[in-house]
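All remarks here apply to the structure that follows.
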């Protein structure tokens, strides 16, 4: 299969499923060491190292701690992707993070005053379980 041949959704799913454990390990590693804005040196290093291992050209220290990857393709349209790497300073009573108990990552969902997490499908009547 050449780089320009389309792949089926089943093939795309199979490829994604095959690398899911690796992506999950990256996520866990980044979340074990949360870094606030403009201090994400460790996270930027992890991202940069992985991109380089894939043969992707990178530029580091963009806007202090950013990483830019350049993936060259054919004559088609150009696509730009952006992702945040910084954590938010969040205090959470129920948080059980051993290394950084007062800071957590940006994906932490706030708890409703009655104990259920909005957006997660938890019904208020089930709060308190």
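Once you place label points 7 Å from the Cα toward the Cβ at residue 72 and residue 84, how far apart are they in nm?
It is 3.4 nm.
At what distance in nm do the modelled label points of residue 24 and residue 9 sit from each other, each positioned 7 Å from its Cα along Cα→Cβ?
According to this spin-label approximation, the distance is 2.4 nm.
We did not get these values from a lab; they are worked out from the coordinates using the rules stated. Not measured: the values here are computed from a predicted model. Cβ sites come from the backbone with ideal geometry, for glycine too, and all protein chains shown count toward neighbours.
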